[in-house]
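Bear in mind that the values in this text are calculations on the coordinates, not laboratory data. Predicted model, so just to flag it, every value in this text is computed and none were measured. Here the Cβ is made from the backbone with ideal geometry for all residues, glycine too, and neighbour counts use every protein chain on show.
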Amino acid sequence: MMKILIRPTVCVMLTLSLSACGEAEETELKAWMDAEQKQAKAVIPKINPPKVYTPFSYAGKGEIEPFDPAKLLVVLARLKAASGNGIQAPNPDRPREALEAFPLDSLKMVGTIEKNKMVYGLVQVDKTVYQVKLGAYLGQNYGLITKIVEGEIEIKETVQDAAGDWTERQTKLELQEAKK
């Protein structure tokens, strides 16, 4: 029974003794802080008045506007009339071939094969090897195979330029050596 009363009694005594110690130091601390606050004076430098802002006046009214889209259309129309390359748009109704679903940079030439005196190119995409012949289409830019030789396949792509005209560009698929 005695042990049960000792613990709460010790806790109460300890709490009372600690609370008695703090009040004297607290009043001294408050007095010191008040004295320091009275002595400390903040020195705030004067701020210079802001400079007067004068906006820039653009005196280019009536002159050519550099960002006018109509200006670009005039130049494109002039270029279109001057170029007259006569390249027609690819036939959208033509049946698509399997390799036209892949971009040209994902296709790899892995070899050639000759059958019945005709040379075929071997093109790999996604671990599948396709056999292509002269006149076949591949790539997403209407690429037409124009020549197949032992080390490369020459392709003529028909692409649309910024003016909306169709232009042709030549490119190649070169034979890729096997990695060891």
If the reach is capped at under 17 angstrom between alpha carbons, list the aspartates and glutamates near Lys127, excluding any in the same chain fewer than eight residues apart. Glu100, Asp105, Glu177
The long-range amide H neighbours of Gln140, using H built 1.01 Å from N in the peptide plane and a cut-off of under 5 Å, are Leu104
Options Val119, Leu138, Leu173, ranked by Cα towards positive dipole end of segment 58-180, top entry (Cβ charges): Val119
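Exposed loop GluC sites (Glu not before Pro) only (DSSP loop, at most 16 other Cβ atoms within 10 Å): please give the longest stretch of the chain free of them, not including the sites. Please list the in-between numbers first.
Numbers: sites that count: Glu63, Glu97, Glu150, Glu177.
No qualifying site falls inside 1-62, the longest such stretch.
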Length-normalised contact order of segment 104-174, Cα under 8 Å, at least 6 apart, in percent, tallies to 23
Would you mind counting up the charge near Val159? Only other residues with Cβ under 11 Å from its Cβ, with Lys and Arg at +1 and Asp and Glu at -1. -2
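Just flag the trypsin sites (Lys or Arg not before Pro) in segment 128-157 sitting in loop per DSSP whose Cβ has no more than 15 other Cβ atoms within 10 Å.
Working: sites: Lys133, Lys147, Lys156; in loops: Lys133.
Those that pass, being in a loop and sparsely packed, are Lys133.
Just list whichever of Lys115/Lys172; Lys117/Lys156; Lys3/Lys30 have alpha carbons separated by over 32 Å in the model shown.
Numbers: Lys115/Lys172 22 Å; Lys117/Lys156 23 Å; Lys3/Lys30 42 Å.
From the list (Lys115/Lys172; Lys117/Lys156; Lys3/Lys30), the Cα-Cα distance tops 32 Å for Lys3/Lys30.
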Roughly how many nanometres apart are two label points built 7 Å out from the Cα toward the Cβ at Thr9 and Leu73? 10.2
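Show me the chymotrypsin sites (Phe, Trp or Tyr not before Pro) within segment 29-104 that DSSP assigns to loop and that have at most 13 other Cβ atoms within 10 Å of their Cβ.
Values: sites: Trp32, Tyr53, Phe56, Tyr58, Phe67; in loops: Tyr53, Phe56, Tyr58, Phe67.
Within segment 29-104, the qualifying chymotrypsin sites (Phe, Trp or Tyr not before Pro) (loop, at most 13 other Cβ atoms within 10 Å) are Tyr53, Phe56, Tyr58, Phe67.
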Considering the zone a paramagnetic label at Asp165 would reach in this model (a point 7 Å from Cα along the Cα-to-Cβ line), which residues of segment 138-159 have amide N under 15 Å from it? 159
Determine the principal axes of the Cα atoms in segment 1-160, then give the extent along each, sorted from largest to smallest and rounded to whole angstroms. 112, 77, 31
When the chain is treated as a Gaussian network with springs between alpha carbons less than 10 Å apart, the largest mean-square fluctuation among Ile153, Ile64, Ile47 is found at Ile47
Calculate one ³J(HN,Hα) per residue across segment 42-49 by plugging θ = phi - 60° into the Karplus curve 6.51 cos²θ - 1.76 cosθ + 1.60, and present them in order as whole Hz with x for glycine and proline. 6, 9, 10, x, 6, 8, 5, x
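Which shape class applies to segment 104-174: rounded if a/c is under 1.5, otherwise prolate when a/b exceeds b/c and oblate if not, where a ≥ b ≥ c are the square roots of the Cα gyration tensor eigenvalues?
prolate
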Can you give the FRET efficiency to the nearest 0.05 for Glu152 and Ala89, using r as the Cβ-Cβ distance and R₀ = 22 Å? 0.20
